[in-house]
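These notes concern the structure reproduced below.
The values are calculated or read from the model by the stated rules, or taken from the named source; none is laboratory data. Predicted, not measured: the structure shown is a model, and the values here were computed from it. Neighbour counts are summed over all protein chains in view; Cβ atoms, including those assigned to glycine, are modelled from backbone coordinates with ideal geometry.
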Amino acid sequence: MRKIKIDKDYTLTNDLILDLIDKHSTEKSRLEKLLRYYNNENDKINNRVYKNKNKPQNKLSHPYAQYITDTAVGYLLGKPIAYTTEDEKLLEELADIFKYNDEADNNTTLAKMASIYGYAYEIMYIDKFAKPRFKAIDPSQLIVCYDNTLEENIILAIRYYDEIIRVNDEDETITRLEIYTKPTQNDKGQIVANGKIIRGTIEDNNVILSDEEDCYFDDIPVNVYINNDELYGDFEKVISLIDAYDQSQSDTANDFELFTNCMLIVNGELIDDDQAKDLNDINLIQFLNSDSDAKYLIKDIQDTALENYKNRLNEDIHRFSFVPNMADKEFSSNASGIAMKFKLMGLENLIGVKEAKFKKGLMRRIELLCAYTKMKNNSDYSYLAIEPVFTRNTPNNELELSQIMQNLTGILSEETVIAMSPRVSDVQAEIEKKEKEANKLYDDNYSELGDINAEEE
């Protein structure tokens, strides 16, 4: 169950907590499987059992899952997200918070998790220095519950994880709980009671709640970053193809190993009885009822058909994951921007969906940060005033791109034109640099003229 919905008027009980954790166990198994494939611990080939122990037993797994995820994430966030806004104070405030939280690295972790699992979670909290923090959380440790409204608001979040503690010189595993509840609002939407962070443990299938504290965000501090509406990982739908490729490559390796150690068939008494018992060890078969002869027993391998089959599997993996094979010769040429876009159309469509969904999570993060700064500093920031800007990490024909930017100057805003450059990660900083350079150039050229408004002596 990837999206859990409960009644908005739920009552937090021990039974509800345990029931939600039990339902999440099935999803947890799915998440663990996807992580194994990302780590190239492919289930089907690793669990393959060979009946004949005397034959080669190669188990070759291929890291297609890692390749698909890393390529998609690199294409989406290989260049850090930039933010544009007319509210300079808001931008400065967020820039400090983002730097403190290493925002670019956290975004990459979230995008990677979303690519593997189909979604990713982020928890926000206030650290001991009273500064807002946000951190990606393993989805196998977090249960997010939504209400049944059209908005599908988050109304409950439960984090549970195992922790090894030392008791009487022995290691014991204890399950920790963190429960996040929604603040209470009146009819005017004003918060009348803060949300709570309730901590506890699970011991002997019983929930033991120990303490709670106020949550200083105006909503449950959990942000969701989904990969697509179906909540599928990028390689999840091609796992069967990956398994088939692993098996075919393993069988090929087995065949070639058998060919290398092929049996020598000997017709006639060419060896004595003492040697006969070791025939398997010396890869030799002896027939005594025919004329003397010797030849190797080899398997007829259909090389062409086999390679065509594996090539089709390889092509299908890339085709249906929408992540192209960058080792293909088509990507080695110095193609124009338009030609490259056609080659990357499938990936571009995939990333377009990922960007829209990822942006939604970013905006909720910014919304919670704006609400916190309003409470702390009495500021009046609007999260809608800021716009995340994604820049694709693609090879560019810089001459072609510079000509396009030059042609658009005066038609589009300076901010939009600068954002087109792959060399610029911070648009606002680049605009400030241009202004400083323009002012310096003016001062250097016209400072000797003096103040044109000064009165004549």
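Computed values, structure above
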read-out	value
Filter result (among the charged types (D, E, K, R) and in contact with a Phe, Trp or Tyr (Cβ under 8 Å, 6 or more places away or on another chain)) within region 382-412	E387, R392
Contacts under 8 angstrom Cβ, first residue in region 168-186 being closer than 20 Å to D211 by Cα and in contact (Cβ under 8 Å) with a residue 60 or more places away in the chain, partner charged (D, E, K, R) and surrounded by 10 or more Cβ atoms within 10 Å (Cβ to Cβ), 6 or more apart	L177/R159; L177/R199; I179/R159; I179/K196; I179/R199; T181/K196
Hits in region 1-28 (condition: assigned to a helix (DSSP H, G or I) and within 18 Å of the chain's Cα centre (by Cα))	E27, K28
Residues that are surrounded by fewer than 19 Cβ atoms within 10 Å (Cβ to Cβ) and assigned to a strand (DSSP E or B), drawn from region 205-233	N206, I208, L209, S210, D211, E212, E213, D214
Subset tally (residues that are among the β-branched types (V, I, T) and not in a helix (DSSP H, G or I)) for region 35-68	1
Odd one out for L110, checked against (1) farther than 30 Å from S29 by Cα; (2) part of a helix (DSSP H, G or I); (3) in contact (Cβ under 8 Å) with a residue 40 or more places away in the chain	(1)
Residue in region 346-355 that is β-branched (V, I, T), modelled with pLDDT of 80 or more, surrounded by 14 or more Cβ atoms within 10 Å (Cβ to Cβ) and within 22 Å of the chain's Cα centre (by Cα) present	yes
Matching entry among I202, I165 (being touching a residue at least 24 places away in the same chain (Cβ under 8 Å) and part of a strand (DSSP E or B))	I202
Only listed residue being under 17 Å from K131 (Cα atoms), surrounded by fewer than 18 Cβ atoms within 10 Å (Cβ to Cβ) and charged (D, E, K, R), chosen from D96, D105	D96
Residue list for region 377-400, filter: more than 23 Å from I418 (Cα to Cα) and either among the polar types (S, T, N, Q) or exposed (fewer than 13 other Cβ atoms within 10 Å of the Cβ) (or both)	N377, N378, S379, D380, S382
Among (1) in contact with a Phe, Trp or Tyr (Cβ under 7 Å, 6 or more places away or on another chain); (2) among the small types (G, A, S); (3) exposed (fewer than 10 other Cβ atoms within 10 Å of the Cβ) - the single one G189 does not satisfy	(1)
Complete set of residues in region 1-51 that are modelled with pLDDT of 95 or more and in contact with an Asp or Glu (Cβ under 7 Å, 6 or more places away or on another chain)	K33, L34, R36, N42, K44, I45
Region 93-102, subset in contact (Cβ under 8 Å) with a residue 24 or more places away in the chain and more than 20 Å from S382 (Cα to Cα), residue nearest to the chain's Cα centre (by Cα)	N101
Residue within region 135-144 that is surrounded by fewer than 19 Cβ atoms within 10 Å (Cβ to Cβ), more than 23 Å from the chain's Cα centre (by Cα) and over 30 Å from N314 (Cβ atoms) present	no
